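See structure below.
The values are calculated or read from the model by the stated rules, or taken from the named source; none is laboratory data. Being a predicted model, the structure only gives us computed values, none of them experimental. Positions of Cβ are backbone-derived with ideal geometry, glycine not excepted, and every protein chain shown enters the neighbour counts.
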Amino acid sequence: MRNKKLGFTLSELLMSAAILAYVFSALILLFINAGFLNEANRNKTIAVSHAQFTLEEVKNTLFADIASATWNSATIVSKGLVSLNNESINIVVTGTEPKDVRVTVNWRDRRLRNRNVSFETLITEP
């Protein structure tokens, strides 16, 4: 007569359930971090497009008016673009010929960290 028992013991089932729970929790954390990275990259892409848009607006301004003109996030919204959380656009113009123009877009991400993107170019009088 055979005395072998078929099946799993309670301790084996509990161990496999613990391992499975650990693997699933790691997968959930992976997806959550992927979501945060996706949002951060989307915000950075939007900020880069706002900086490029602002630089193009500066380039389309008369050379003599570049230093006195103002641009801000309201300009971005009025053109149909979506503003980021606490977005601000700073433009610094230095020099006379050529003018050194630096555009900085600042915003705050979901974790309330300050982020920024800066572009710089030289503009000469045509």
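Scoring residue 81 on the criteria (1) outside any helix (DSSP H, G or I); (2) exposed (fewer than 11 other Cβ atoms within 10 Å of the Cβ) leaves a single failure, condition (2). Restricting 25, 16, 49 to residues that are closer than 19 Å to residue 108 by Cα, surrounded by 10 or more Cβ atoms within 10 Å (Cβ to Cβ) and of a type outside the set (A, V, I, L, M) narrows the list to 49. The residues in the stretch 14-55 that are polar (S, T, N, Q) and either more than 30 Å from residue 77 (Cα to Cα) or outside any helix (DSSP H, G or I) (or both) can be counted, and the count is 2. Scanning the stretch 62-92 for residues that are free of Cβ contacts under 8 Å to residues at least 40 places away in the same chain and closer than 13 Å to residue 103 by Cβ turns up 69, 70, 71, 72, 73, 75, 76, 88, 89, 90, 91, 92. For residue 54, the test of being modelled with pLDDT under 85 and closer than 26 Å to residue 125 by Cα is failed. Restrict the check to the stretch 15-37 and report whether at least one residue is aliphatic (A, V, I, L, M) and either touching a strand residue (DSSP E or B) at 6+ places or on another chain (Cβ under 9 Å) or in contact (Cβ under 8 Å) with a residue 24 or more places away in the chain (or both). No, that holds for no residue. Under the condition of being hydrophobic (A, V, I, L, M, F, W, C) and surrounded by fewer than 11 Cβ atoms within 10 Å (Cβ to Cβ), which residue from the stretch 31-46 is farthest from the chain's Cα centre (by Cα)? Here the residue is 31.
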